[in-house]
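*Asks:* For reference, the structure I am asking about is given below.
The values are calculated or read from the model by the stated rules, or taken from the named source; none is laboratory data. Predicted, not measured: the structure shown is a model, and the values here were computed from it. Cβ placement follows ideal geometry from the backbone for every residue including glycine, while neighbour counts extend to all protein chains displayed. The accessibility values were calculated without ligands, DNA or RNA, using every heavy atom of the protein model including side chains. Shrake-Rupley method; radii C 1.70, N 1.55, O 1.52, S 1.80 Å.
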Amino acid sequence: MPHDPTSSPPRPSTAQPAPPAGPVPPGQQALTGPQGEALERFARLKVGAAFLEQGMGKSRVAVELANSRAHRLDSVLWVAPYSVLATVEEEVAKWGCRVPVRFLGYQTLSQSDRTYLDVLAWARRRRLMIVADESTFIKNAHSKRHRRLTEIRSSADYALVLTGTPLTRDLWDLKRQLDWLSPKILATDDRAFRYRYFTMHQRIQRDGGERVWFETYTPNVAHLKSLMEPYIYEARLDVGVPENAREHEHDVGAPTRTAYESERDDFLDAWAAWGQDHALFRMLGNLKRIAATDPDKCRSVAEQVAGRHTIVFCQYRHEQQQIAHHLDDHLLVNGSTPAAEREQIYARFRTEGIPLLLTYGTGSYGLNLQHVNSCHFASMPFNYELIQQARSRIRRMGQTRPLTYTTHVSDLGIDVLVAQNLRRKDWLARLVRHEIDPTGTL
């Protein structure tokens with residue numbers, strides 16, 4: 001059926017009698033302020049976007065919304081990153097969803113034709129609510145997962161997106177998520193969106209070619225906000241404890257500096273001759289890897305975290321292994337660690353006061369590690385969302401101790417570039433947030 005963000009009948013009252021004395025079952029616990037406000041916002045809508053930071057209970061919002069529509073639903077399809085599906089299932093069971101829920105990983109959706117066709121046929125036979133958890137996974141409109149989930153979405157009566165980082169690159173992230181909910185929200189094609197919310201820049205290169213790029217046009221962000229506002233609810237987590245950010249610079253060794261300068265010079269020669277963008281991206285990736293995996297830096301990071309009950313996020317497995325090599329006691333999880341073994345390691349980490357080394361791909365999503373109050377970023381990715389997600393492993397409701405985030409950088413220029421890139425993305429995210437909530441009350 002066609003997308004329709006128009007109203008649906010009012011949600012039945014959720015008032016509950018006074019709970020009995022003693023521990024309150026999870027499903028009977030009072031909603032937090034932001035959870036209640038989000039439910040009120042979405043009660044009369046068929047689509048909505050809950051932009052709640054990690055640790056604020058996004059899953060419960062979706063469960064309560066489904067429960068309020070139980071008489072009009074046959075099923076809920078809950079799509080999430082495969083790495084956190086088990087955690088999501090536990091959350092949904094804890095809050096007591098009264099509608100049958102089918103869980104699906106984004107990766108499975110894109111990789112398995114059989115699963116996609118089965119889910120599509122299943123969705124077309126049901127009155128369905130679809131939940132896109134960590135919805136930035138569908139921000140690429142040309143990806144198979146976006147196209148397939150959009151086709152499934154066309155059969156759903158209700159749709160909800162959940163994420164704590166709705167904007168990780170630029171305003172296109174917001175458009176893709178809102179268009180997935182319903183194209184009627186923005187009612188703008190890609191060409192009009194580009195020229196309304198971005199400024200075009202042009203530069204003639206030395207070889208006579210022309211380079212064209214677009215940057216956010218700040219004055220029109222308020223207009224975009226006016227279109228989005230009825231369908232979104234955004235809130236930031238106030239953990240109630242001080243948060244401190246530190247940076248530690250490490251000197252790299254002579255072999256690394258030589259490799260770094262050689263890679264840079266090779267690129268400059270190629271750029272002067274051909275000026276191809278893919279050469280730039282390859283060079284940036286190589287420079288980041290060279291800087292992150294420097295043996296001297298990795299040894300220095302290990303000295304900083306040795307004997308501490310802390311988390312260390314790494315971008316590369318070789319970097320992770322080098323840091324581990326210099327630690328007498330540590331725990332380590334990456335993509336090759338079997339799921340059952342991971343759970344054992346996380347359980348050990350709760351009681352053993354030693355560092356836990358994680359890669360961003362396996363440790364950024366879904367983990368609740370609030371029993372520690374510090375984390376280290378051994379290297380920084382260009383991806384703003386990964387950093388925010390990684391911080392949220394310890395920045396959660398119930399945290400009682402001051403939080404410390406330590407960023408480790410080399411004395412090479414690539415780390416300065418990465419930091420500048422992340423600051424720009426943080427500025428844009430704050431700008432959009434200010435337009436949605438100018439008084440800062442959320």
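*Asks:* Against the condition surrounded by fewer than 15 Cβ atoms within 10 Å (Cβ to Cβ) and either among the charged types (D, E, K, R) or touching a strand residue (DSSP E or B) at 6+ places or on another chain (Cβ under 9 Å) (or both), how does residue 190 come out, does it pass? Steps first, answer last, please.
*Replies:* Details: surrounded by fewer than 15 Cβ atoms within 10 Å (Cβ to Cβ): yes; either among the charged types (D, E, K, R) or touching a strand residue (DSSP E or B) at 6+ places or on another chain (Cβ under 9 Å) (or both): yes.
Here the answer is yes, as residue 190 does meet what is asked.
*Asks:* Can you find a residue in the stretch 109-125 that is assigned to a helix (DSSP H, G or I), touching a residue at least 12 places away in the same chain (Cβ under 8 Å) and among the acidic types (Asp, Glu)?
*Replies:* Narrowing the stretch 109-125 to residues assigned to a helix (DSSP H, G or I): 109-111, 113-124.
Adding the requirement that they be touching a residue at least 12 places away in the same chain (Cβ under 8 Å) leaves 109-110, 116, 119-120, 122-124.
Filter once more, so that each one left must be among the acidic types (Asp, Glu): none.
Taking every residue of the stretch 109-125 in turn, none turns out to be assigned to a helix (DSSP H, G or I), touching a residue at least 12 places away in the same chain (Cβ under 8 Å) and among the acidic types (Asp, Glu).
*Asks:* Hey, another quick one. When you check residue 60 against the structure, is it modelled with pLDDT under 95, touching a strand residue (DSSP E or B) at 6+ places or on another chain (Cβ under 9 Å) and either part of a helix (DSSP H, G or I) or open to solvent by 30 Å² or more (accessible area, probe 1.4 Å) (or both), yes or no? Step through it out loud before you land on a result.
*Replies:* Details: modelled with pLDDT under 95: yes; touching a strand residue (DSSP E or B) at 6+ places or on another chain (Cβ under 9 Å): no; either part of a helix (DSSP H, G or I) or open to solvent by 30 Å² or more (accessible area, probe 1.4 Å) (or both): yes.
Against the criterion (modelled with pLDDT under 95, touching a strand residue (DSSP E or B) at 6+ places or on another chain (Cβ under 9 Å) and either part of a helix (DSSP H, G or I) or open to solvent by 30 Å² or more (accessible area, probe 1.4 Å) (or both)), residue 60 does not qualify.
*Asks:* Here is a check on your reading of the model: is residue 12 at pLDDT below 90, farther than 23 Å from residue 167 by Cβ, open to solvent by less than 70 Å² (accessible area, probe 1.4 Å) and in a loop (DSSP other than H, G, I, E, B)? Show your work before the answer.
*Replies:* On the way: at pLDDT below 90: yes; farther than 23 Å from residue 167 by Cβ: yes; open to solvent by less than 70 Å² (accessible area, probe 1.4 Å): yes; in a loop (DSSP other than H, G, I, E, B): yes.
When the stated conditions are applied, residue 12 passes them.
*Asks:* If you take the residues in the stretch 91-121 that are out of contact with any helix residue (DSSP H, G or I) (no Cβ under 9 Å at 6 or more places or on another chain) and not small (Gly, Ala, Ser), which one is nearest to residue 74 (Cα to Cα)?
*Replies:* For the stretch 91-121, the residue satisfying everything is 100.
*Asks:* Additional query: Name the pairs whose Cβ atoms lie under 7 Å apart, with the first residue in the stretch 166-191 and without any contact (Cβ under 8 Å) to a residue 40 or more places away in the chain, the second open to solvent by less than 20 Å² (accessible area, probe 1.4 Å) and among the β-branched types (Val, Ile, Thr), and 6 or more positions between them or separate chains?
*Replies:* 173/136; 176/138
*Asks:* Report, ordered by the first and then the second residue, all pairs with beta carbons closer than 6 Å, sequence separation of six or more or different chains, a first member in the stretch 341-362 that is of a type in the set (Val, Ile, Thr) and open to solvent by less than 30 Å² (accessible area, probe 1.4 Å), and a second member that is in a helix (DSSP H, G or I) and at pLDDT below 90.
*Replies:* Close Cβ pairs (under 6 Å, with a partner that is in a helix (DSSP H, G or I) and at pLDDT below 90) do not exist here.
*Asks:* Out of curiosity, is residue 71 open to solvent by 40 Å² or more (accessible area, probe 1.4 Å) and assigned to a loop (DSSP other than H, G, I, E, B)?
*Replies:* Details: open to solvent by 40 Å² or more (accessible area, probe 1.4 Å): yes; assigned to a loop (DSSP other than H, G, I, E, B): no.
Against the criterion (open to solvent by 40 Å² or more (accessible area, probe 1.4 Å) and assigned to a loop (DSSP other than H, G, I, E, B)), residue 71 does not qualify.
*Asks:* Every residue in the stretch 76-86 that is open to solvent by 10 Å² or more (accessible area, probe 1.4 Å) and either acidic (Asp, Glu) or in contact with a strand residue (DSSP E or B) (Cβ under 6 Å, 6 or more places away or on another chain) (or both), please.
*Replies:* 82, 85
*Asks:* With the checklist (1) in contact with a helix residue (DSSP H, G or I) (Cβ under 7 Å, 6 or more places away or on another chain); (2) open to solvent by less than 10 Å² (accessible area, probe 1.4 Å); (3) not polar (S, T, N, Q) in hand, flag the one item residue 128 doesn't pass.
*Replies:* So the condition that residue 128 fails would be (1).
*Asks:* Here are 176, 191: which of them is closer than 22 Å to residue 106 by Cβ and basic (Lys, Arg)?
*Replies:* Details: 191 fails: closer than 22 Å to residue 106 by Cβ.
Criteria check complete, one pass: 176.
*Asks:* Which residues, counting only those in the stretch 145-162, are more than 19 Å from the chain's Cα centre (by Cα) and of a type in the set (D, E, K, R)?
*Replies:* Across the stretch 145-162, the qualifying residues are 147, 148, 151, 153, 157.
*Asks:* Same structure, new question: Evaluate the following for residue 337: is it over 30 Å from residue 238 (Cβ atoms) and either surrounded by fewer than 20 Cβ atoms within 10 Å (Cβ to Cβ) or at pLDDT 95 or above (or both)?
*Replies:* Numbers: over 30 Å from residue 238 (Cβ atoms): yes; either surrounded by fewer than 20 Cβ atoms within 10 Å (Cβ to Cβ) or at pLDDT 95 or above (or both): yes.
Spelling it out, residue 337 is indeed over 30 Å from residue 238 (Cβ atoms) and either surrounded by fewer than 20 Cβ atoms within 10 Å (Cβ to Cβ) or at pLDDT 95 or above (or both).
*Asks:* Can you name every residue in the stretch 332-354 that is closer than 27 Å to residue 285 by Cα and touching a strand residue (DSSP E or B) at 6+ places or on another chain (Cβ under 9 Å)? First the steps, then the outcome.
*Replies:* Quick first cut of the stretch 332-354, residues closer than 27 Å to residue 285 by Cα only: 332-337.
Hits for the stretch 332-354 are 332, 333, 334, 335.
*Asks:* State which residue is surrounded by the most Cβ atoms within 10 Å (Cβ to Cβ) when the search covers only the stretch 87-105 and only residues that are within 25 Å of residue 146 (Cβ to Cβ) and in contact (Cβ under 8 Å) with a residue 40 or more places away in the chain.
*Replies:* 88
*Asks:* Is it the case that some residue within the stretch 409-432 is part of a loop (DSSP other than H, G, I, E, B), closer than 18 Å to residue 289 by Cα, modelled with pLDDT under 85 and touching a Leu at 6+ places or on another chain (Cβ under 9 Å)?
*Replies:* The answer is yes; a qualifying residue exists.
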